[in-house]
1. May I ask for the net charge around Glu139, where only other residues with Cβ less than 10 Å from the Cβ of Glu139 are counted and Lys, Arg are +1 while Asp, Glu are -1?
2. What number, in percent, do you get for the relative contact order of the stretch 155-234 if the mean sequence gap of Cα pairs under 8 Å and at least 6 apart is divided by its residue count?
3. Over all alpha-carbon pairs in the chain, figure out the percentage whose distance exceeds 29 Å.
4. Among Gly258, Asn225, Gly247, which residue has its Cα furthest toward the positive end of the charge dipole of the stretch 181-289, with +1 on Lys/Arg Cβ and -1 on Asp/Glu Cβ?
5. Highest first, please rank the peptides 117-130, 218-231 by the mean number of other Cβ atoms sitting within 10 Å of their residues.
6. Between Thr9 and Ala380, what is the label-point separation in nm under the 7 Å Cα-to-beta-carbon projection?
7. With unit charges on the beta carbons (Lys and Arg positive, Asp and Glu negative) and the dipole taken about the Cα centre of the chain, which residue among Leu120, Thr210, His133 sits farthest to the positive side?
8. Could you work out [θ]222 nm for the chain from helices alone, using -39500 (n - 2.57) per DSSP H run of at least four and dividing by all its residues? Round to the nearest 500 deg cm²/dmol.
Amino acid sequence: MNRTAARATARIAVIGAGPGGLTCARILQRQGIDVAVYDSDASATARDQGGTLDMHPDTGQHALRAAGLWDGFTALARPEGEQLRLVARDGSILYDYDAAPPQDGQGNPEIDRGQLRDLLLGSLAPGTVRWGHRLERAEPLGDGRHRLNFTHGPSTETDLVVGADGAWSRVRRILTDAVPRYTGVTFVETGLNDADARHPALAALTGNGTMMALDDNLGFVAQRNSGGHIRVYVGMRVPEDWHRKAGVDLTDPVAVRGALLHRFADWSPALRGFITDTDTGYTNRPLFALPVPHTWEPTPGVTLLGDAAHLMSPFSGMGANLAMRDGSDLAQALTEHVALDDVVTAYEKILIPRSIEAAEGAAEGIDGAFAADSAEQTLAHMTARNEAN
């Protein structure tokens, strides 16, 4: 099949069953275009999908509408989760923004990542996602085609391979030598179950949405999830191997707790409760980002979306939103252009400039959040954003 193959018969493979890849697949199927999604997880429930997401009108919400899933989303979303609170290291509240109930298509209502993924998976034709397929190598066959070789299972040939395979994308290797770099900030994730009943003081401090306490290169981020769970990130600007230098075994919760309490020794006991009162233990999560700008030359038969294209710090607030808009825009390009070369070119003309702008903002965001004067910077940013709205 040559590069001007009709889109209706083109073999399209999406690598990665995250929000962006699934959004793309859903919209393509709505247009009658066949697509297969390959994911390395053994099943849809193989691992925790992470915390909560706020869906933005021009990115995540736009994609959900294009996918015909807006009503399903609104049935699960939590508009009250838009509350944003900034707390000082002494436990006092510096800033508290509780958005008015959004009108249709306004605001950034929250949804758990797992709920969003289930919504997208449930919208696909049975068998669309091929679980347990870890991509080993995408072998160019010429004329834009690739043979996809998996660790388990037979190889397959495709006319368009879409790299939606996240931070450590194997598809990205076809296009660029860029690899994610450590941002200088590590999160240690923990959590509170049935928080309002079991941890009422910490639940009250968190509020209904997201609470941040940031100061002098340290901080807490607590996020409401559904089912009474609060997901907590204890942030530190530290070397990536901070635990080795401190002689801390990450599998020893007592040792991790002691190391964290030592770093936050002069913080409020109320905030230190997010460390001591964990119901979930501690998970070390160093934060990585791709270099900015991250660009590549259009290459027949392959493109990227989501973190594979623009991995950035979570302080952009845009990661999943951008991935879903990427998936929507790629699907739209596939419905508008017959030649796959034209699809890739048209899509990447939108994708790359948008990704660069967002990644620059994310880099500024994490640098401001974990700085010597981070409390002052964050307060000024929140106040300015509120006034702008």
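Readers should treat all values here as calculations from the given coordinates under stated rules, not as data from a laboratory. In this text, all values refer to a predicted model and were calculated from it rather than measured experimentally. Note that we place each Cβ from the backbone using ideal geometry, even for glycine, and neighbour counts take in every protein chain shown.
1. Net charge around Glu139: +1.
2. This gives 26 percent for the stretch 155-234.
3. 45 percent
4. Positive-end residue among those listed: Gly247.
5. Details: 117-130: 16.1, 218-231: 20.6.
Output ranking for 117-130, 218-231: 218-231, 117-130.
6. 6.1 nm
7. After comparing all options, I get His133.
8. Taken over the chain, the calculation gives -10500 deg cm²/dmol.
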